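Here's the structure we're looking at; comments come further down.
The values are calculated or read from the model by the stated rules, or taken from the named source; none is laboratory data. Predicted, not measured: the structure shown is a model, and the values here were computed from it. Note that each Cβ is placed from the backbone with ideal geometry, even for glycine, and that neighbours are counted across all protein chains shown. Ligands, DNA and RNA are stripped out before the accessible areas are found, and what is left, the full protein with its side chains, is counted by its heavy atoms. Shrake-Rupley method; radii C 1.70, N 1.55, O 1.52, S 1.80 Å.
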Amino acid sequence: MEEEIRKAAEILAKSKHAVVFTGAGISAESGIPTFRGKDGLWKKYDPEEVASISGFKRNPRAFWEFSMELKDKLFAEPNPAHYAIAELERMGIVKAVITQNIDMLHQRAGSRRVLELHGSMDKLDCLDCHETYDWSEFAEDFKKGEIPRCRKCGSYYVKPRAVLFGEPLPQRTLFEAIEEAKRCDAFMVVGSSLVVYPAAELPYIAKKSGAKMIIVNAEPTMADPIFDVKIIGNAGEILPKIVEEVKKLRR
Ligand SMILES: [Zn+2]
């Protein structure tokens, strides 16, 4: 594995425009449960009921009660993998982080350019009167078990800007992510099994555009053949090691 870490560091040290793509795997190391997979939340909950836009419109309470179960997780902390990615951005190597996660952990770790393909919990909109809120306005009450309610009109239809099932991905963000995949010279996947669109697509766009390809994931993926460097393991342990190597190479 040391050899692979060194190879990844060599690619990044030479890169002038690296892009990182992250999925649920990176947040799982912060304690946020994943949705798919064998211990995933969709084994226990019906996403159509608790996490679709039609479900939300039928019964916002079911969505919030489900979120309530994840409450402690919604206040999780970034882990060393998030910090390592932010450091690569400060070093001028990483130019963008594309993520499928809605937990804002990249921003909290210090990443500045984050393209959130599935939106985030950061802002909420009242579907009735269109008032907009910051999550921080509800966070304290939510911790005590109260679900968000519009302060202006009293509606319970206060929806976070996270993409629910049945909703389109934010088109502008998706467009920017595709542009980044096209222009990058290094593309590093962290914690994604690359099965869901557009995760399944972006690495191929980057590869076709000539980028060097790195993947750090807990398990092999179907897309492994297109990667120059494949590292199986915990991103929280591996990424800080890669950053250390990059620093040595740049000295
Ligand atoms: Zn309202």
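Some notes on this structure:
- Ranked order, 222, 91 - accessible area, probe 1.4 Å, largest first: 222, 91
- Out-of-range pairs (alpha-carbon distance over 30 Å; input 43/182; 44/143; 44/144; 43/144; 159/207; 44/182): 43/182; 159/207; 44/182
- Spherically averaged projected area of the convex hull of Cα atoms, the chain: 13.0 nm².
- The candidates 156, 133, 45, arranged from most to least accessible area with a 1.4 Å probe in the full protein assembly, appear as 156, 45, 133.
- Portion, in percent, of the accessible area of the chain that falls on carbon or sulfur, probe 1.4 Å: 51 percent
- Over the range 17-168, relative contact order from alpha-carbon pairs under 8 Å, at least 6 apart, %: 25 percent
- Rolling a 1.4 Å probe over the protein heavy atoms leaves residue 201 with an accessible area of roughly 90 Å².
- Isolated Cys residues of the chain, judged by Cβ distance under 4.7 Å to other cysteines: 184
- Residue 175/residue 2 FRET efficiency (R0 41 Å; Cβ-Cβ; nearest 0.05): 0.60
- The range 134-251: C-alpha gyration tensor shape, a/c 1.5 cut-off, then a/b vs b/c: prolate
- A compact globular protein would have a Cα radius of gyration near 2.2 N^0.38 Å; the ratio found for the range 1-142 is 1.21.
- With DNA, RNA and ligands ignored, accessible area of residue 66 (1.4 Å probe; Å², nearest 10): 10 Å²
- Per residue, in Å², the accessible surface of the chain once ligands and nucleic acids are set aside, probe 1.4 Å: 49 Å²
- Cα gyration tensor shape of the range 114-161, rounded if a/c is under 1.5, else prolate or oblate by comparing a/b with b/c: oblate
- Angle between the chain longest axis and helix 2-14 axis [Cα atoms, degrees, rounded to 10]: 90 degrees
- Taking all protein chains together and a 1.4 Å probe, the residues 129, 153, 184 rank 153, 129, 184 from largest to smallest accessible area.
- Rounded to the nearest 10 Å², the accessible area of residue 144 at probe 1.4 Å: 150 Å²
- Percent of beta bridges antiparallel (DSSP, the range 1-155, rounded to nearest 5): 25 percent
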